[in-house]
Amino acid sequence: MNILKKRSWDLAEREATPESVFLNRRQILAGLAGSGALLGSGLGLRPAFAEEDPSAGLYPVKRNEVYQLDRDLTAEEIASKYNNFYEFGSHKQIWPAAQDLKIRPWTVTLDGMVDNPQTIDVDDLISKMPLEERLYRHRCVEAWSMAVPWSGFALADLVKLAGPQTGAKYLRFETFLDPSVASGQKQSWYPWPYVEGLTLEEATNELAFIATGVYGKPLAKQFGAPVRLVTPWKYGFKCIKSIVKITFTDQRPVSFWEEIQSSEYGFWANVNPSVPHRRWPQSSERVLGTNERRNTLLYNGYEEQVAYLYKDMKGELLFM
Ligand SMILES: Nc1nc2c(c(=O)[nH]1)N[C@H]1C(S)=C(S)[C@@H](COP(=O)(O)O)O[C@H]1N2
Ligand SMILES: [Mo]
């Protein structure tokens, strides 16, 4: 038989947020709720997305067309089943284990050198921010890559909410700590919780983004729900997941991987094809889904937006 099956990697960019599909699903769900045929009622209609997520109704959000890709988006099915999230295991198939993470209630604390220190409920935070969708490339230091439609808001808006004081130079991000849910955190040789850092200047660059959703829905847990950082010009490990705290400081934060192995992982972690990592040459990357090999681009293709940040830096290891 000749069945024409659409391969997952045929997903075209314009299908990233199949608005009609999601809207219809939402309408159907609303209809079901109204008719008493509730979710999880045994009809097998319980959606895999937005389970108990009060922000589900906010998505999909309008795409910001400024951010264009040079490749197809990675299919959701591929991107959501190949993740790094060491809290749930040191392999790529952590998505089932990550479903144990409770993402409500959830608060994010903004503290340190700020005028407006606060602990804010994640839904209050999301409702305050102008949400948009951005298509970004994502490049892991392990030399695989994908292209993903994030939803969320500019990190610069969150910086504004905090109100950094004079002298604040860095943002230090922290992931939740709960070994009873995240069994990886029982492995005491790792310096939990996961920590990452940016300079204030990087954090207010237009590309720096806080993702609250992906593929036109709230973030699935394995992507780092309910809030995660996205810095597409840096190696993926900078994109800290499931953030609970952001501290503004004058001290350069030591990140999780830097603490573990400072000869291999540094603070800056900007993508550069001509600076090999000890274990992975960085000149090319494997595209998830297609396994195509592509040449890696300086700053992951975002040189125009970010090169100025590093122009006058001498003696810094910018590319590890
Ligand atoms: N808290 C936390 N954040 C994390 C990680 C992690 O293990 N824990 N892994 C990082 C790495 S190495 C990568 S490549 C990206 C992977 O993001 P993805 O699973 O959404 O592709 O998340 C980053 N953020
Ligand atoms: Mo990574």
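Taken together, the values in this text are just the output of simple stated rules run on the coordinates, not laboratory data. As the structure is a prediction and not an experimental result, all values here were calculated from the model. Counting neighbours? That spans all protein chains shown, and the Cβs are built from the backbone with ideal geometry, glycine included.
Can Trp257 be described as touching a residue at least 12 places away in the same chain (Cβ under 8 Å), within 14 Å of ligand 1 (Cβ to nearest atom) and touching a helix residue (DSSP H, G or I) at 6+ places or on another chain (Cβ under 8 Å)? Step through it out loud before you land on a result.
Values: touching a residue at least 12 places away in the same chain (Cβ under 8 Å): yes; within 14 Å of ligand 1 (Cβ to nearest atom): yes; touching a helix residue (DSSP H, G or I) at 6+ places or on another chain (Cβ under 8 Å): yes.
Criteria met by Trp257.
Assess whether Gln251 counts as being touching a residue at least 24 places away in the same chain (Cβ under 8 Å), within 13 Å of ligand 2 (Cβ to nearest atom), more than 30 Å from Ser55 (Cα to Cα) and surrounded by fewer than 22 Cβ atoms within 10 Å (Cβ to Cβ). Spell out how you get there, then give the answer.
Details: touching a residue at least 24 places away in the same chain (Cβ under 8 Å): yes; within 13 Å of ligand 2 (Cβ to nearest atom): no; more than 30 Å from Ser55 (Cα to Cα): yes; surrounded by fewer than 22 Cβ atoms within 10 Å (Cβ to Cβ): yes.
Against the criterion (touching a residue at least 24 places away in the same chain (Cβ under 8 Å), within 13 Å of ligand 2 (Cβ to nearest atom), more than 30 Å from Ser55 (Cα to Cα) and surrounded by fewer than 22 Cβ atoms within 10 Å (Cβ to Cβ)), Gln251 does not qualify.
Restricted to region 65-113, and to residues that are under 17 Å from Gly213 (Cα atoms) and of a type in the set (Gly, Ala, Ser), which residue is farthest from ligand 1 (Cβ to nearest atom)?
Checking each candidate, the answer is Ala75.
Could you list, in sequence order, the residues of region 286-312 that are of a type outside the set (S, T, N, Q) and in contact with a Phe, Trp or Tyr (Cβ under 6 Å, 6 or more places away or on another chain)? Explain how you work it out, then say what you get.
If we filter region 286-312 for residues that are of a type outside the set (S, T, N, Q), which is where we start, we get 286-289, 292-294, 297-299, 301-304, 306-312.
Those that are of a type outside the set (S, T, N, Q) and in contact with a Phe, Trp or Tyr (Cβ under 6 Å, 6 or more places away or on another chain): Arg286, Leu288, Gly289, Tyr299, Tyr302, Val306.
Checking Lys245 against (1) surrounded by fewer than 21 Cβ atoms within 10 Å (Cβ to Cβ); (2) over 16 Å from Ile103 (Cβ atoms); (3) not small (Gly, Ala, Ser): exactly one of these is not met. Which one?
(2)
Please go through region 127-149 and give me each residue that is more than 16 Å from ligand 2 (Cβ to nearest atom), under 15 Å from the mean Cα position of the chain (by Cα) and either farther than 16 Å from Leu207 by Cβ or hydrophobic (A, V, I, L, M, F, W, C) (or both), ordered by number. Don't jump to the end; show me each part of the working.
Filtering region 127-149 down to residues more than 16 Å from ligand 2 (Cβ to nearest atom) leaves 127-135, 149.
Those left that are additionally under 15 Å from the mean Cα position of the chain (by Cα): 131-135, 149.
Selection gives Leu131, Leu135.
So Asp124 clears everything in (1) assigned to a loop (DSSP other than H, G, I, E, B); (2) surrounded by fewer than 16 Cβ atoms within 10 Å (Cβ to Cβ) except one condition, right? Which one?
If we test Asp124 against (1) assigned to a loop (DSSP other than H, G, I, E, B); (2) surrounded by fewer than 16 Cβ atoms within 10 Å (Cβ to Cβ), just (1) comes out false.
Look through region 212-241, keep the residues that are of a type in the set (D, E, K, R) and more than 15 Å from Val141 (Cα to Cα), and return whichever of them is farthest from ligand 2 (Cβ to nearest atom). Working first, answer last.
The initial filter retains those residues of region 212-241 that are of a type in the set (D, E, K, R), namely 217, 221, 228, 234, 238, 241.
When the remaining residues are screened for being more than 15 Å from Val141 (Cα to Cα), the result is 217, 221, 228, 241.
Details: Lys217: 23, Lys221: 18, Arg228: 13, Lys241: 11 Å.
This residue is Lys217.
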